[in-house]
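J.: Here it is: the structure, laid out below.
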Amino acid sequence: MKRNGISIQIYEDKEQASVAVAQRMGELIKAKQALGKKAVLGLATGATPIGVYEELIRLHREEGLSFQNVITFNLDEYYPMQPASDQSYVAFMQQQLFAHIDIPAENINIPDGTLGQEVVDTYCEAYEQKIANAGGLDIQLLGIGRTGHVGFNEPGSTADSLTRLVTLNEVTRQDAASAFDGLENVPTQAITMGVGTIAKAKNIILMAWGEKKAEIVKKALEGEITTEVPATFLQKLEGVEFILDKEAAGRIDG
Ligand code: F6R
């Protein structure tokens, strides 16, 4: 099924959907290996991609999939944030994926939440450049926030926005409150790839599970393209896929 240029695949449940996404990534990695090339993956954190990472770990352990030729760039990190903190996306990625596979540590890129304000802009330009120097993102994984954010591109983000320091939306901070033991502990800022950074990926896979995401998925697919719902910018791109479970797809027009 297609809607406004976006292909949509609906699965019975998130487990089957996650396995399908991980297997696609595994195939890309192997195809690049056969050519002696690197696979460049754009990764997301949060609850949504956890099943994909579980399957990638299984492919590594049980089917010998190697990540030696993989370079990763994560979408975002809270700011300020120490990597050793439990809530950091560095810790998340280690726990959910990197500690369990054979990716070389130097191939992992996650925005640095420890920098001083005065060097953040230069750092963000270098992050963009590093993605370009790696040959660009082959696949970018995305979740979607209730505000319609992708990465931490909150309402107001423009289509040409690049990696930068942003202010988090209150809804997003509330959704993170339990992980931080209270809203007051949730950082107010983050470093995120921009909509324009994501748009340059050769393939973009947005995943959404559960009824809670049904309304924003409908808006992203069927709504007018607007900075108020940054995920609507995906309608303008080639090679975008939405991978949904039945509940998240529940409000898309028949
Ligand atoms: C995470 C990210 C966010 C999440 C989104 C959905 O790196 O960039 O855009 O993908 O907030 O979060 P979950 O998956 O926890 O519902």
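The values are calculated or read from the model by the stated rules, or taken from the named source; none is laboratory data. The structure presented is a predicted model; accordingly, all values stated were derived computationally and were not measured. FYI the Cβ positions are ideal-geometry reconstructions off the backbone, even for glycines, and counts take in every protein chain you see. Accessible surface areas use protein heavy atoms only, side chains included; no ligands, DNA or RNA. Shrake-Rupley method; radii C 1.70, N 1.55, O 1.52, S 1.80 Å.
J.: Write down the Kirkwood hydrodynamic radius of the stretch 159-254, to one decimal in angstroms, obtained as one divided by the mean of 1/r over all alpha carbon pairs. All intermediate terms of the calculation are to be shown ahead of the outcome.
T.: Values: mean 1/r = 0.0674 Å⁻¹.
After inverting the pairwise mean of 1/r, the radius is 14.8 Å.
J.: While we're on this one: What fraction, in whole percent, of alpha-carbon pairs in the stretch 2-245 exceed 24 Å separation?
T.: 43
J.: Right, next: Helix-derived [θ] at 222 nm for the chain: sum -39500 (n - 2.57) over DSSP H runs of at least 4, divide by residue count, nearest 500?
T.: So the calculated ellipticity at 222 nm is -10000 deg cm²/dmol.
J.: Another question about this same structure. Using Cα positions and a limit of under 21 Å, work out the lysines in reach of Lys212, with same-chain residues fewer than 8 apart set aside.
T.: Lys14, Lys246
J.: For the stretch 97-254, what is the percent of antiparallel DSSP beta bridges, rounded to the nearest 5?
T.: 35
J.: Here is a further query. Quick one: Karplus J couplings for the stretch 39-47, per residue in order, coefficients 6.51, -1.76, 1.60, θ = phi - 60°, nearest Hz, x for Gly and Pro?
T.: Listing the rounded values in order: 9, 10, 10, x, 10, 10, 10, x, 5 Hz.
J.: Quick one: Karplus J couplings for the stretch 186-196, per residue in order, coefficients 6.51, -1.76, 1.60, θ = phi - 60°, nearest Hz, x for Gly and Pro?
T.: These are the phi-based 3J(HN,Hα) values: 6, x, 8, 10, 8, 9, 9, 4, x, 4, x Hz.
J.: So, one more: Quick one: which of Lys30/Lys219; Lys32/Lys219; Lys30/Lys200 span more than 29 angstrom between C-alpha atoms?
T.: Lys30/Lys219; Lys32/Lys219
J.: Using mean Cβ contacts within 10 Å as the protection proxy, how do 146-152, 194-200, 15-21 order, highest first?
T.: The most tightly packed comes first, giving 146-152, 194-200, 15-21.
J.: Express the accessible area of the chain per residue in Å², computed with a 1.4 Å probe while the remaining protein chains stay in the model. If you can, show how the numbers build up before the last one.
T.: Values: 11220 Å² over 254 residues.
Solvent-accessible surface per residue comes out at 44 Å².
J.: Treating only the Cβ atoms of Lys and Arg (+1) and Asp and Glu (-1) as charged, compute the dipole magnitude of the chain about its Cα centre; round to the nearest 20 debye.
T.: For the chain, the charge dipole is close to 740 debye.
J.: OK, next. Which helices of the chain meet both criteria: a Cα extent of 27 Å or more along the helical axis and a mean Kyte-Doolittle score no lower than -1.0, with helices taken as whole DSSP H segments?
T.: Answer set is 14-34.
J.: Something else: Of the heavy-atom accessible surface of the chain (probe 1.4 angstrom), what whole percent is carbon and sulfur?
T.: Carbon plus sulfur share of accessible area: 49 percent.
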